[in-house]
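Novice: Following this message is one structure expressed as structure tokens.
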Amino acid sequence: MRSMVDRGWKTLVPSDRREGFSLKKAAEIAAKSESTIRTWCQRHGIGRRVAGGAWVVSRVAFRMLLDGDDAACCSSSQ
């Protein structure tokens with residue numbers, strides 16, 4: 001899997017757990033499964049998982065994705 005830098009993502013990737021929330025919370029907000037949110041994190045770079053720990057979904061990037069702001073949230077230079 002290529003790194004976020006290689007993909008050209010321009011998202012706010014949370015480095016502080018207070019900047020994000022869990023897959024469960026994101027799934028509740030989006031009315032989707034946790035598996036779908038995990039896929040979005042991997043595909044769109046809206047979350048972060050450090051050293052095999054739990055995913056932390058960026059509040060800002062998640063909201064932009066839900067609002068359809070792909071240009072700001074999930075754009076790729078490729």
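Novice: Could you list the residues of the range 16-43 with an amide nitrogen less than 20 Å from a label point located 7 Å from the Cα of ASP69 in the Cα-to-C-beta direction?
Specialist: Under cut-off, by backbone N: 16, 18-22, 26-27, 29-31, 40-43.
Novice: What are the residues whose amide H is under 5 Å from the amide H of GLY47, where those residues sit 5 or more places off or on another chain and H is modelled from the backbone?
Specialist: SER58
Novice: When the Karplus curve 6.51 cos²θ - 1.76 cosθ + 1.60 is applied with θ = phi - 60°, which whole-Hz ³J(HN,Hα) does each residue of the range 25-38 get, with x for Gly and Pro?
Specialist: 5, 4, 5, 5, 5, 8, 6, 10, 7, 4, 4, 5, 5, 4
Every number in this text was worked out from the coordinates using simple rules, so none of it is lab data. Predicted, not measured: the structure shown is a model, and the values here were computed from it. No Cβ is skipped: glycine too gets one built from the backbone with ideal geometry, and neighbour counts run over all protein chains shown.
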